[in-house]
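Read the figures in this text as sums done on the coordinates, not as results from a lab. All values reported here derive from a predicted model rather than from experimental measurement. Neighbour counts run over all protein chains shown; Cβ positions are idealised from the backbone, glycine included.
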């Protein structure tokens, strides 16, 4: 299972740090590719976590996504 931390900038200008995990992915680079491909779709949806809370991230509300090697601080 691979997990990455994303810093997401919403179209409102706000930013948030979320964790995205996927069970059938081994490497972080594959996971980043999946995130980009999903958010590129008009109806793309990612299930993420923010701390202990489940967060559903809709592509239409995302302006930018930043992935850092160490990840963002939650």
Distance in nm between residue 30 and residue 63 label points, each 7 Å along Cα→Cβ, equals 3.4
Rounded to one decimal in Å, the inverse mean reciprocal Cα-Cα distance for the chain, i.e. its Kirkwood radius, is 12.3
